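The values are calculated or read from the model by the stated rules, or taken from the named source; none is laboratory data. It should be emphasised that the depicted structure is a prediction, and the values quoted were computed from it without experimental measurement. Please note: Cβ atoms are built from the backbone with ideal geometry, for glycine as well, and neighbour counts cover all protein chains shown. When the accessible area is computed, the model is the full protein with side chains, heavy atoms only, and any ligands, DNA or RNA have been set aside. Shrake-Rupley method; radii C 1.70, N 1.55, O 1.52, S 1.80 Å.
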Amino acid sequence: MTRAPRAARSKLLQQLARRQRRRPPSRARMKTWKTLERTVALLAALSAIAVVGFTWKSIKQVNSEQAITREGQITDRYMAAVELLGNKDSEDVRLGGIYGLQRVMQDSPRDQPTVINVISAFIRAHGKKPETGTGQKSVTSDIAEATAVLKSRDSRNDGAVHIDLHDADVHGVTLDHADLNHSDLSRADLSWADLRFTNLSHAKLSKANLSNAAMLFANLSDAELPFANMSNASLVRANLTEANLNFTNLSTADLSWANLSWADVSWANLSNANLSNADLSHATMMRTDLRHSDLTNAALPNTLLLYVELACAKLDGANLQGAAVRLDQVLSAEIDEATKLPQQLANDPQVKKKAYSGARPRECEG
């Protein structure tokens, strides 16, 4: 009799336990679980941020150490290159120094201004005129390579530094397409140099020797060229706008299609120069020598020519409308029917006869 009630009671307790398990959790318990889940997620996120922060700090420290090491290496390389450059006995050793400085300039753009100053000083010191009787017709290989380094540089990294080669002998060097704007080349010997497409805007070239230089398409706008020797230079399609050419020797130079608008060519020697199709509009020409020059189809409107030597100058097809020019100057030059003259001169009977006949002045024959 006692076993039956016990069994029934056990069965009842089991059923109550099952019902208790099936009963959904209370709101308090659910809130506790959600809080725990959020806490775990937050801790995980904080751990990840801590790892990232530590990693970034480590990378920054490594990069800083590497930068310091790299700066030290560049300094060592620079000092070694300068030491090689100062060698007085071996041209080959100096070449090694030049190439070393070039690599420093390429690897460390911020050091480029310093390298430019060092190489420029080297060229000035070693680029001296050859002694008479040595037979040396071109610069030494170390000077040629030093100028090549300046030519190949990225001028955007020059900073406030400009190339300074004043008084240097760099005759015959190749500097075509080089950026030499604002450079100081005063009294430098650049005779027979290759300066095609070279940017020489605002350059200082007073008393420089540019005779026989190739300067096709060169940019010489606003350049300072007083007393420079540019005889027999090739300046085809060169830009000389607003250039200072006072007392410059341009005899026998080729300035065809060149732009000399607003340039100052007072007292300059342009005798026997080729100025065909050149633009000389608004140029200042006080006492300029244009004797025997070729000004075929040249533009000289509104140009002051009262004191210009025009004897035997070829003015066929030239535009002198609005120019200040005298009758005797026109009669001393060669003109044709295509020559455009100021109205008062164009209507002069002597000028008409000369233009129609195309006859050369007697003193210009032969």
Residue ID - farthest from LEU210 (Cα to Cα), chosen from residues in the stretch 142-171 that are touching a Lys or Arg at 6+ places or on another chain (Cβ under 8 Å) and not in a loop (DSSP other than H, G, I, E, B): ASN157
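So for the stretch 173-183 (the condition being under 12 Å from ARG124 (Cβ atoms) and not in a loop (DSSP other than H, G, I, E, B)), does at least one residue qualify?
Taking every residue of the stretch 173-183 in turn, none turns out to be under 12 Å from ARG124 (Cβ atoms) and not in a loop (DSSP other than H, G, I, E, B).
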So the check is Cβ under 8 Å with 6+ separation or different chains; which pairs have a first residue in the stretch 86-98 that's open to solvent by less than 50 Å² (accessible area, probe 1.4 Å) and modelled with pLDDT of 90 or more and a second one that's among the β-branched types (Val, Ile, Thr) and part of a helix (DSSP H, G or I)? GLY97/VAL82; ILE98/ILE119; ILE98/VAL149
So which residues in the stretch 177-203 are in contact (Cβ under 8 Å) with a residue 24 or more places away in the chain, of a type in the set (D, E, K, R) and surrounded by fewer than 22 Cβ atoms within 10 Å (Cβ to Cβ), if there are any at all? ASP179
Kindly evaluate ALA214 against the criterion of being open to solvent by less than 20 Å² (accessible area, probe 1.4 Å) and in contact with a strand residue (DSSP E or B) (Cβ under 9 Å, 6 or more places away or on another chain). no
Any chance the stretch 335-348 includes a residue that's in contact with a helix residue (DSSP H, G or I) (Cβ under 6 Å, 6 or more places away or on another chain), open to solvent by 80 Å² or more (accessible area, probe 1.4 Å) and outside any helix (DSSP H, G or I)? yes
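Quick grid of which residues meet (1) touching a strand residue (DSSP E or B) at 6+ places or on another chain (Cβ under 7 Å); (2) closer than 20 Å to SER234 by Cα; (3) at pLDDT below 95:
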| position | (1), (2), (3) |
| --- | --- |
| ALA273 | no, yes, no |
| SER276 | yes, yes, no |
| ASP279 | yes, yes, no |
| THR296 | yes, yes, no |
| ASN302 | no, no, yes |
| LEU305 | yes, no, yes |
| GLY322 | no, no, yes |
| ASP328 | no, no, yes |
